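The values are calculated or read from the model by the stated rules, or taken from the named source; none is laboratory data. A quick note: this is a predicted structure, and the numbers were derived from the prediction, not measured. Note that we place each Cβ from the backbone using ideal geometry, even for glycine, and neighbour counts take in every protein chain shown. For the accessible areas, the whole protein counts, side chains as well, though only heavy atoms, and no ligand, DNA or RNA atoms are used. Shrake-Rupley method; radii C 1.70, N 1.55, O 1.52, S 1.80 Å.
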Amino acid sequence: MAMPSSLLWAVDIFGRVYTLSTVGQYWELCKDTQLEFKRVSAVKQCCWGIACDHQVYTYVFSGDVPIRYQEETYENQRWNPVGGFCEKLLPSDRWQWSDVSGLKHQQLDSFTLPSPHWEWESDWYVDENIGGEPTEKGGWTYAIDFPSTYTKDKKWNSCVRRRRWIRYRRYKSRDVWAKIVSHDEPNQLPDPFNDISVGGWEITDEPLGRLSVWAVSLQGRLWYRENVCHHNPEGSTWSLVSTPGEVVQISCGPYDLLWATLWEGQAIVREGIDRNNPQGISWSIVESPSSENGIMHVSVGVDVVWCVTKDRKVWFRRGVNSHNPCGTSWIEMVGEMMMVTVGLNNQVWGIGCDDRAIYFRQGVTPNELSGKTWKAVVSGRESDRSQTGSSTSLLSAGCFFTDDIQNQTSAVIQGDADPSSDTEPGVPTSPASTALLGAAASQAETSAQLTLDPLPSEQGEATAASASSEKDNLEMNKSPGNSNPSAELQWINIDLKEAQKHPVLSVSSFADTSSLSSLGVFSVGAEEQYGADEHPLWAWVSGGGCLVDLHSPLKWFTAPSGLSSSVQSLSLSITPAQTAAWRKQIFQQLSERTKRELENFRHYEQAIEQSVWVKTGALQWWRNWKPHKWMDVRVALEQFTGSDGMRDSILFIYYMYHEEKKYIHVFLNEVTIIVEVLNEAKHSFALYTPERTKQRWPIRLAATTEQEMHDWLSLLNMSCCESRRIQGPPSHHAIWSVTCKGDIFVSEPSPELEAGPQLMPCDQMFWRQVGGHLRLIESNSRGVVWGIGHDHTAWVYTGGYGGGFIQGLGSSADNIYTQSDVKCVYIYENQRWNPVTGYSSRGLPTDRYMWSDASGLQECTKTNTKPPSPQWSWVSDWYIDFSPAGGTDREGWQYAADFPASYHGHKTMKDFVRRRRWARKCKIVTNGPWLEVPPVTLWDISIIPSSDADDEEAVALWAISDKGDVLCRLGVTQQNPAGTSWLHVGTDQPFISISIGAFHQVWAIARDGSAFYRGSVSPSKPAGDCWYHIPSPQKQKLKQVSVGRTSVFVLDKNGNLWYRQGITPSYPQGSTWDHVSNNIRKMSIGPLDQVWVIADKVQGSHSLSCGTVCHRTGVQPMEPKGLSWDYGIGGGWEHITVRGNATEASRGAVPDTTEENPAASKEGEDEESKGKTEHSKTPLMLLHTIQM
């Protein structure tokens, strides 16, 4: 399982393209080496480049999900009294073969592949579905006339009919450089290209994966590539964009920032870029920071601009944002660069002017966008690993240093502040030194190519010291200051040019701060480290697809030496299995020694029966009498250690009531969950017990700081686990859940949870928190656990426990990794129409707030809306969201007759109010036992709920990508839960939910709400063969499916839970749907066909509770739908999975209650609650035994 990574792209002076991973240490040569390139521009999913032939090429990464495009055309027919439906149409009718509108003539043979990089996947076939419902054989839909509303049923007045033909084409040129073929007129072809920039993927999500590709021709003209997106990675045509002058170079950011440089040395900034006009509207001119030297190169990020002037000075633009893309002023930075590039989160790289090395800007944070220092990237190339040992032996001879080299070396050291340019002597050119170099190298190169390469400090010190016994100017190599191989140069610690000019370093100061290798100027000894082919001199670098995590260290800044490589090879030979075996052996030896040492003292009596440990502190408590408010309390946690070494704990809360000191106490072995509460104003958390769960009234406490709250949470969680004798990672049968806040909880199931003489109520289950942040989670009984974040990133469980705020003994020492998640916060701008001004933000006195949440009950403006909690931080500005349900117009507005109502995306005469949704992304960085599974982002996952299987047997795992593609994961085993690769399963439409049962029954839900069954899925045929359409229950639109051992349940968009009747091995599709319950949000069917749900509107003693864990009791083979509901902890749950709980208990216990809904129905909540006592208050059910 590899850590998530992204790539830095670079081109050396010979035109070879390399990539460097953020988790790697070596440059890797691009797979396709047939071409030589001048420049590249990379994003996450692809890279565009300009080759030495001045043509544009694109490099699309290979993936498990193919790039497919659906071509479609419609066959139209009209009814004729003589021959019935036929191809003869009226003169005023549409074409016999046309597009959906009927205006464009589209015959089957008129479709051609757009370029040689595509191939047809199949032949034309008829689409036999309409809106998720199957049509009659032939796929015809009928209407009165063209155009009209089409139905699948033929009626007496159906005079016309049509059917849709589909054919898929697949993009095949992946992991190779594909030339962009132009279909323009020969006299309108773009000139040869000189520069290219790719960005703009954050402007809009429609179409999926849309990119802005800009190119500059040799004539100084600017071109824009139309229609570049996921389904069309090449784009369609080039369109010319007028500019105020001849353009030399261009840079496009991920959002709406676009800068270009003119031949005269000015910069131009594009204004008016948005989702409706990605090319922008107009240009603004920004003058060069220096009147003598114009701008030569510019690079932009999210909200930053860097530039290099013609004198190689580096400048940072202050005050750039989406409202002011031109910025305010220039700040000069230290250093001289050939060019700079800005990465995904505003990280910066540059190519040094003299040494042609790549430098990384350290210290770039959201609060300090200009960073602090430049640091050289000294990573070697992949081909250098095998040559390191031989080069070390050659270097140790120390015979390469002639007098010429020594003199040059000292000159470089003393002149560091003003390094020589590439044209000045940088290498020995005497015949003697050249001959020596040629004899030592395996392949001699010209002296001009042997320049400015970094040398590992240990080799540099040894070699230089052996040659400098007669030279005093190199005595500095023996100084202890050279012992740090990663020391930085003194001059790069200066941030802004105004603060300090270039310092001229003396030999003594240099010796204290850096080794010779840090200069990167040794041209002789270092050459042999890189073997026959010298260390690359860089010509171009692109960080547009490189995401540097500020919390993860990079391996780019330490050059691998001969010694370190041997150490690495030694460490790599030790496998995790050997480490585990050694750990087990050491533990056994320690245990035996402890037994031997304690044997002599067994007859001694124990001096102390129990010990008491107390932690106290000041918190706030949400008091349980009216008026409810926060009050200051003293809290004490007392831990008792008994004679058996076990600990029990009591939490005391001391408060004042009418000037009298009182207290409440909680036994921690009764606490069922401790959960952080989402509150902007308070750092608060809640403690639940079974009794307080029934009352829907937990103990809520708040701390003054986030750190104090986390300290208490960590301590209380660990104390609860100790009291319940729970330690270590969750078992394979554990029940996992996720709260609406994204926190992850796990519970160890008891055998009495599903069956037995006395059922265990689910409000007595103990939930402990696991670090991390997810949107949903799925597991199985072999310990394979996957999760999906709010940003659709897939994560796999590593086997650890703890993480997050849980530290110390409550968390495992290994298998804990950094995890991040991004989600959107939404607010609504509301307006009402009035006859004078039209739509305005002046509403009626009874209207909702003009800036509000979705309900309209809470005021939410752009300024007062904060991230969900202090752990979150904003990572974007507010932007209009064009994807709410119901659609929007071009400006993002939705219309309705009044608040609240159903909204639609177009204005009608009856619409008097409108709203639009604004979104802002926020990010959380935490840690937990999770590793990212790149690169496909997912929407849903399902793991086969297997129970008895061999450890090495493959585990079936199906998923749906966030684009709606159905995927099957290959290579998933208990030892390798992340699997190896994705297998794409073809579908005719996007899907939203999928589930695989214990016998490889795969069911899925499409985005239009229809259900499908996948036939012939087996371990030998993991992807099956075809989809069978299953009619939805009573024309409901479905949203989730879950398959257990034999049961299939679905959930529709109105919250109704349905059970599929009539499923047999010979007829796995079943026959009919039976309604089970309503008010259901999510559900999970286990390997024993147990039914668990997250329910809404559960009646409690204080209010209706949303997001309650409910367990279906009475589920038996003869009663698969169960009989009644048992309520767990109410409020705030988002997702649950019981697909790992294969713990079988004795069968035959059936409760005699029959409560059909987990909640009061929407129509009769009061009537239902009057006629019966609350079921959650009587969790212990009367049972009777049935002889099976």
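Give the accessible surface of segment 938-1137 per residue, rounded to a whole number of Å², with probe radius 1.4 Å and ligands, DNA and RNA excluded.
Normalised by residue count, the accessible surface of segment 938-1137 is 34 Å².
Short-range pairs are left out: with C-alpha atoms under 8 Å and at least six residues apart, the relative contact order of segment 822-924 is 36 percent.
Each Lys or Arg adds one and each Asp or Glu subtracts one; over the other residues with Cβ under 12 Å from the Cβ of residue 323, this totals -4.
Peptides 322-329, 18-25, 799-806 ordered by packing proxy, namely the average of other Cβ atoms within 10 Å per residue, highest first: 799-806, 18-25, 322-329.
Can you tally the net charge around residue 906? Count Lys and Arg as +1, Asp and Glu as -1, for every other residue whose Cβ sits under 15 Å from the Cβ of residue 906.
Combined, the nearby Lys, Arg, Asp and Glu give +3.
Separation of segment 834-851 and segment 977-1030, taken as the distance between their Cα centroids, equals 49 angstrom. If you sort 382, 287 by accessible surface, 1.4 Å probe, largest first, the order is 287, 382. Separation of segment 204-244 and segment 273-343, taken as the distance between their Cα centroids, equals 21 angstrom. For residue 155, the lysines whose Cα comes closer than 22 Å to its Cα, not counting residues fewer than 8 places off in the same chain, are 88, 137, 1035.
Fully extending the segment from residue 285 to residue 551, taken as 0.36 nm per residue of separation minus the present Cα-Cα distance, adds 92.0 nm. Reported to the nearest whole Å, the Cα centre-to-centre distance from segment 1052-1125 to segment 4-53 is 52. Take residue 599: with every protein chain present and a 1.4 Å probe, its accessible area is about 100 Å². Were the residues from residue 137 through residue 662 laid out at 0.36 nm apart, the gain over their Cα-Cα distance would be 181.3 nm. Heavy-atom accessible area for residue 656, with the other protein chains in place and a 1.4 Å probe, reaches approximately 100 Å². Each of residue 69 and residue 331 was given a label point 7 Å from its Cα along the Cα-to-Cβ line. The distance between the two points is 4.5 nm. Here are some pairs, 629/662; 1037/1097; 38/372; 629/921; 629/823; 662/694; which of them have Cα atoms lying more than 26 Å apart in this structure? Among 629/662; 1037/1097; 38/372; 629/921; 629/823; 662/694, the Cα-Cα distance tops 26 Å for 38/372; 629/921; 629/823. The accessible-area ordering, largest first, of the residues 779, 5 stands as 5, 779, per a 1.4 angstrom probe. A protection proxy built from the mean count of other Cβ atoms within 10 Å ranks the segments 699-711, 740-752, 1081-1093, 145-157, most packed first, as 1081-1093, 740-752, 699-711, 145-157. The mean sequence separation of alpha-carbon pairs under 8 Å and at least six residues apart, normalised by the residue count of segment 612-715, gives a relative contact order of 20 percent.
For segment 68-171, the spread of Cα positions along the three principal axes, ordered from largest to smallest, is 48, 32, 22 Å.
Annotation: extensible slack from residue 855 through residue 704 equals 51.3 nm (criterion: 0.36 nm per residue apart, minus Cα-Cα distance). Ranked by the mean number of other Cβ atoms within 10 Å per residue, highest first, peptides 1051-1062, 887-898 order as 1051-1062, 887-898.
Take residue 882: with every protein chain present and a 1.4 Å probe, its accessible area is about 40 Å².
Taking all protein chains together and a probe of 1.4 Å, list 52, 307 from the most accessible to the least accessible.
52, 307
Projecting the Cα positions of 106, 166, 140 onto the charge dipole of segment 68-171 (unit charges on Cβ atoms of Lys, Arg, Asp and Glu, taken about the Cα centre) puts 140 furthest along the positive direction.
Structural size metrics of segment 938-1137, computed from C-alpha coordinates, are Rg and Dmax of 16.7, 54 Å.
What segment 639-784 shows is 38 Å² of accessible area per residue, with the surface traced by a 1.4 Å probe over protein heavy atoms.
Counting every pair of alpha carbons in segment 612-715, the share spaced more than 16 Å apart comes to 60 percent. Can you give me the relative contact order of segment 938-1137 as a percent, contacts being Cα pairs under 8 Å and 6 or more apart? Relative contact order here is 12 percent.
Counted over segment 924-986 with a bin width of 10 Å, the fraction of Cα pairs per bin, in whole percents, is 20, 48, 28, 4.
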